[in-house]
Amino acid sequence: MARGVPLLSLVVALLVGAFLWNGQMSGASSPDTQVKQAQQTASAVTFQQAESALEDFRAMNGTYAGASLAGFGVTLARADASSYCIQAGGSHVAGPGGAARPGAC
């Protein structure tokens, strides 16, 4: 019985390894897809930071007009007393409360 334990452990370890390898291979996405997902995530973070700065500006000045987003990597395409549109990297957000959409403002 004692001789069978190492063999059984080896078989179990191989089965677990095969299971994990199979799960990785079937769920793996292409490098292009991973890069695209990373770019979308980075863009969303950039927009969130810029929107936060715009909300701070509005709280202090009562308008979005005249806000500067230098250093955020986005362009303030349009701003007035109650709304704005920012764009970067081929997408835009019309705010407040908007979601990132493809294309320019």
Original post:
Points 7 angstrom from Cα along the Cβ direction at Arg101 and Val35: gap in nanometres?
Top reply: 2.9
**OP:** Would you list the P(r) distribution for the range 32-102, with all Cα-Cα distances sorted into 5 Å bins from 0 and each bin expressed as a whole %?
**Re:** 3, 18, 30, 23, 13, 7, 4, 2, 0
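Any read-out appearing in this document is the output of simple, stated calculations on the displayed coordinates, not a laboratory observation. Remember, predicted model here, so these are calculated numbers, not experimental data. Neighbour counts are summed over all protein chains in view; Cβ atoms, including those assigned to glycine, are modelled from backbone coordinates with ideal geometry.
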